[in-house]
Amino acid sequence: MLKVALTGGIGSGKSEVSRRLAALGAVVVDADKIAREVVEPGTAGLAAVVAEFGPEVLREDGTLNRELLGSIVFADSGRLAALNGIVHPLVGKRAAELQDAAPADSIMVYDVPLLVENGLAPLYEVVVVVDAPDGVRIERLMKNRGMSEVDARARLAAQASREARLAAADLVIPNDGPLDALDAHITALWQALQARKAAQSA
């Protein structure tokens with residue numbers, strides 16, 4: 001198995017790259033998806049979040065109001081640290097289970113936005129960073145997610161800097177243009193990962 005970490009700041013287009021790698025045959029373990037699962041109704045994770053932040057972070061149907069919680073934690077580093085202290089260990093445990101279950105001959109891609117922040121890079125043989133300038137990412141968040149510029153900048157500020165992320169990269173996928181410009185980069189990336197896997201098993 002070739003263990004690959006895929007990361008990129010919010011608005012970089014990491015999820016699009018992840019989807020395309022899955023379509024090519026990678027086994028993708030998605031940290032964001034797991035982060036949603038561990039705070040679904042009835043989970044210990046959601047109970048811990050409510051105990052920390054109060055029942056006002058729940059919607060009427062008992063699900064987590066992620067937008068409201070986001071507005072609380074991204075404006076206060078202490079509250080963000082409290083949330084991360086609840087969610088990150090649960091995500092890490094479930095991600096490890098899914099990675100261990102991947103076929104032994106697979107290219108396993110862990111899609112994780114906070115790779116650099118959580119010091120996870122050394123756990124993977126290849127770190128792939130999807131990169132776009134901060135201005136492009138802010139514009140995308142405002143256009144595609146309806147965020148205000150203030151909220152978009154707060155989200156970026158809560159993550160590692162672009163420079164820190166690039167410093168951790170073995171391979172970089174530039175994504176500052178239209179989606180169809182990604183095609184050639186994805187093809188080259190997949191070939192590079194297959195070559196590394198072949199060299200590993202030689």
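The values are calculated or read from the model by the stated rules, or taken from the named source; none is laboratory data. Predicted model only: the values in this text are computed from it and were never measured. Note that we place each Cβ from the backbone using ideal geometry, even for glycine, and neighbour counts take in every protein chain shown. Just the protein is used for accessible areas: all its heavy atoms, side chains included, with ligands, DNA and RNA removed. Shrake-Rupley method; radii C 1.70, N 1.55, O 1.52, S 1.80 Å.
The table that follows gives values for the structure above.
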| quantity | calculated |
| --- | --- |
| Options ALA26, ALA44, ALA5: the member that is aliphatic (A, V, I, L, M), under 17 Å from GLN159 (Cβ atoms) and out of contact with any helix residue (DSSP H, G or I) (no Cβ under 6 Å at 6 or more places or on another chain) | ALA5 |
| Breaking point among (1) open to solvent by less than 40 Å² (accessible area, probe 1.4 Å); (2) under 18 Å from ARG19 (Cβ atoms); (3) in contact (Cβ under 8 Å) with a residue 60 or more places away in the chain, for LEU156 | (2) |
| Qualifying residue in the stretch 169-179 (condition: free of Cβ contacts under 8 Å to residues at least 40 places away in the same chain and under 14 Å from LYS14 (Cα atoms)) | yes |
| Qualifying positions in the stretch 83-105 - more than 17 Å from the chain's Cα centre (by Cα) and exposed (fewer than 15 other Cβ atoms within 10 Å of the Cβ) | GLU97, ASP100, ALA101, PRO103, ALA104, ASP105 |
| Scan of the stretch 128-147 for residues that are part of a loop (DSSP other than H, G, I, E, B) and surrounded by fewer than 21 Cβ atoms within 10 Å (Cβ to Cβ), ordered by number | PRO133, ARG145, GLY146, MET147 |
| ARG162 being touching a Gly at 6+ places or on another chain (Cβ under 8 Å), touching a residue at least 40 places away in the same chain (Cβ under 8 Å), open to solvent by 40 Å² or more (accessible area, probe 1.4 Å) and of a type in the set (Lys, Arg) | yes |
| Filter result (surrounded by fewer than 17 Cβ atoms within 10 Å (Cβ to Cβ) and closer than 19 Å to GLU117 by Cβ) within the stretch 34-48 | ARG36 |
| Odd one out for TYR110 among (1) among the hydroxyl-bearing types (Ser, Thr, Tyr); (2) surrounded by fewer than 15 Cβ atoms within 10 Å (Cβ to Cβ); (3) under 30 Å from ALA199 (Cβ atoms) | (2) |
| Selection from the stretch 113-127 of residues that are open to solvent by less than 10 Å² (accessible area, probe 1.4 Å) and under 12 Å from the mean Cα position of the chain (by Cα) | LEU115 |
| Residues of the stretch 1-27 classified as of a type in the set (Val, Ile, Thr), modelled with pLDDT of 95 or more and surrounded by fewer than 22 Cβ atoms within 10 Å (Cβ to Cβ), total | 1 |
| VAL172 surrounded by 17 or more Cβ atoms within 10 Å (Cβ to Cβ) and either at pLDDT 95 or above or not aliphatic (A, V, I, L, M) (or both) | no |
| Which listed residue, of LEU115, LEU90, LEU182, is within 30 Å of PHE53 (Cβ to Cβ), assigned to a helix (DSSP H, G or I) and touching a residue at least 12 places away in the same chain (Cβ under 8 Å) | LEU90 |
